[in-house]
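Below: one structure, written as structure tokens.
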Amino acid sequence: MNGVLKLQIVPIQVDTVLQGKPSPFDLFDQGGYLLLEKGEAVSAQVFELACKKEIYVVSYEWSELAGRKQSVDFKDDQFQKAPLKHIRYNSHFIRIDYLKQALPILARSLQDLERCHGFPGFSWLDNHDRYTYIHSVNVALLATIIGIYLGYEIEELTNLASGAVLHDWGKLLVPREILHKPSALSPEEFQVIKSHPVRGEQVLRDAGWPDEVLRVIREHHERWGGQGYPDGLRAGEIHPNAQIVAVADVFDALTEDRPYKVGLSPYHALEMILNGSGLSYAPEVVRAWRSCVLLYPEHSTVTLNSGETGVVIALASDLPTRPVVRIIADRQGRPVQGEKIIDLRKNRTLTVNSITFDRNSGSRPEFNPSA
Ligand SMILES: [Fe+2]
């Protein structure tokens with residue numbers, strides 16, 4: 001596959017359907033609701049709507065997402081140096097237009113941070129706790145992208161990125177044997193880990209960081225429904241930057257490989273976050289993040305719950321987790337003869353179980369989402 005096709009609903013040409021005759025297409029209303037399946041006789045009611053140009057068909061067209069033909073040159077010098085070299089997300093996963101805007105802003109924020117009085121430096125952070133360091137830089141990128149989508153100004157983005165980089169600062173004060181314990185934590189150990197937002201805020205408040213940054217550090221584990229910690233804040237009580245970092249933090253943590261776990265695929269991580277919209281996460285932030293992600297990038301193949309394997313050929317913007325798939329192998333793994341297309345928007349009993357990326361196509365080998 002050389003690109004991603006876009007699924008569109010377009011008005012039908014009225015002379016392509018005849019009343020009482022089998023429809024040559026699936027027919028939809030303006031909202032994308034299926035009115036009549038291909039092959040069924042066109043009813044008088046549907047024909048009347050078609051005459052009024054109120055009937056639509058699905059059209060598959062190559063998507064020209066804004067900036068899609070542009071690229072980010074990850075071989076550029078700035079991406080070979082820490083901390084940007086640790087970024088795991090690329091243009092095969094995030095819309096290139098947002099990525100292109102976010103990377104320079106993040107680079108500048110990281111530079112500013114490095115020069116801040118009292119900041120021990122990224123190489124110190126790398127040596128002290130590599131996982132927290134890499135996670136923090138990646139969360140900062142995702143948060144910046146969400147901020148851009150939400151229309152943040154440059155200064156607001158810089159504060160957001162700083163808060164995101166520093167969000168887990170308090171973890172540096174948690175004993176490493178607890179922080180990186182591969183087995184289950186005792187209730188006491190869990191309480192120690194849960195103290196990191198408050199510890200981080202206290203240390204950085206003493207160092208003179210602005211309130212906007214401090215609130216991200218203290219509130220990034222608060223949850224929309226009030227079930228988070230340390231203060232049990234809910235909805236609008238949580239600082240908007242902390243709402244953004246909460247989503248970025250969870251997404252990166254879910255997809256990240258660790259020695260004791262294989263990261264979830266971006267698809268599964270996004271589904272979990274979508275399910276938490278309005279419960280754990282701010283709906284506006286979840287919507288923004290969903291809009292910035294290319295769920296099924298070029299070269300992705302999917303395995304359905306039917307056991308069949310296919311290539312994603314089209315994606316509807318309104319239902320991004322339910323693509324159109326060209327089946328290439330049956331449940332026994334045998335190649336499928338002829339063309340078999342499944343539209344998961346219409347076939348709701350089928351779901352994507354896993355996604356595999358062509359890892360040779362990515363320019364960032366560190367991005368390794370496991371299906
Ligand atoms: Fe945290």
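Structure notes:
- Gain in span if fully extended, Leu185 to Glu284, counting 0.36 nm per residue against the direct Cα distance: 32.3 nm
- Put simply, the amide H of Lys340, placed in the peptide plane, has neighbours under 5 Å in Ile327, leaving out anything fewer than 5 places away on its chain.
- Here's the picture: a label point sits 7 Å out from the Cα of Cys116 along the beta-carbon direction, and within segment 141-165 the residues with their amide nitrogen under 11 Å of it are 159-165.
- Taking Lys and Arg as +1 and Asp and Glu as -1, the other residues whose beta-carbon sits under 12 Å from that of Phe122 total +1.
- Between Val14 and Ala235, the distance separating the two model label sites (each 7 Å from Cα on the Cα→Cβ line) works out to 4.8 nm.
- A simple packing score, the average count of other Cβ atoms within 10 Å per residue, orders the peptides 85-91, 174-180, 186-192 as 85-91, 174-180, 186-192, with the highest score first.
- Protection proxy ranking of 308-314, 127-133, 240-246, 150-156 - average other beta-carbon atoms within 10 Å, highest first: 240-246, 308-314, 127-133, 150-156
- Summary value for segment 83-292: 18 percent relative contact order, contacts being C-alpha pairs under 8 angstrom separated by 6+ residues.
- Summing charges over all other residues whose Cβ lies under 15 Å from the Cβ of Tyr149, with Lys and Arg as +1 and Asp and Glu as -1, gives 0.
- Within the accessible area of segment 83-292, the carbon and sulfur atoms contribute 51%, probe 1.4 Å, all protein chains present.
- Lys53/Asn275 FRET efficiency (R0 35 Å; Cβ-Cβ; nearest 0.05): 0.40
- For segment 83-292, the gyration tensor built on C-alpha atoms gives a rounded shape. Its axis ratio a/c (a ≥ b ≥ c) stays under 1.5.
- Segment 204-221 - phi-based ³J(HN,Hα) in whole Hz, Karplus 6.51/-1.76/1.60, Gly and Pro as x: 7, 5, 5, 8, x, 6, x, 4, 4, 6, 4, 5, 5, 5, 6, 10, 6, 9
- 3J(HN,Hα) couplings calculated from phi for segment 262-267 with the Karplus curve 6.51 cos²θ - 1.76 cosθ + 1.60 (θ = phi - 60°) are, in sequence order, 9, x, 6, 5, x, 4 Hz; Gly and Pro show x.
- Neighbours of Ser306 by Cβ distance under 10 Å: Lys/Arg scored +1, Asp/Glu scored -1, total -1.
- Extending 7 Å from the Cα toward the beta-carbon at both Ile193 and Gln337 defines two label points whose distance is 5.4 nm.
- Model label points for Glu37 and Asn353, set 7 angstrom from Cα along the Cα-to-Cβ axis, are 2.4 nm apart.
- Extension gain for Trp124-Arg326 works out to 67.8 nm (0.36 nm per residue, less the C-alpha to C-alpha distance).
- Additional length obtainable on full extension of the chain from Val311 to Arg176, 0.36 nm per residue less Cα span: 44.3 nm
- For Ser354, the residues whose amide H sits under 5 Å from its own are Thr303, ignoring neighbours fewer than 5 places away on the same chain, with H placed 1.01 Å from N.
The values are calculated or read from the model by the stated rules, or taken from the named source; none is laboratory data. Everything quoted here is computed from the prediction, not taken from an experiment. Please note: Cβ atoms are built from the backbone with ideal geometry, for glycine as well, and neighbour counts cover all protein chains shown. Note: accessible area is taken over every heavy atom of the protein model, side chains too, but ligands, DNA and RNA are not part of it. Shrake-Rupley method; radii C 1.70, N 1.55, O 1.52, S 1.80 Å.
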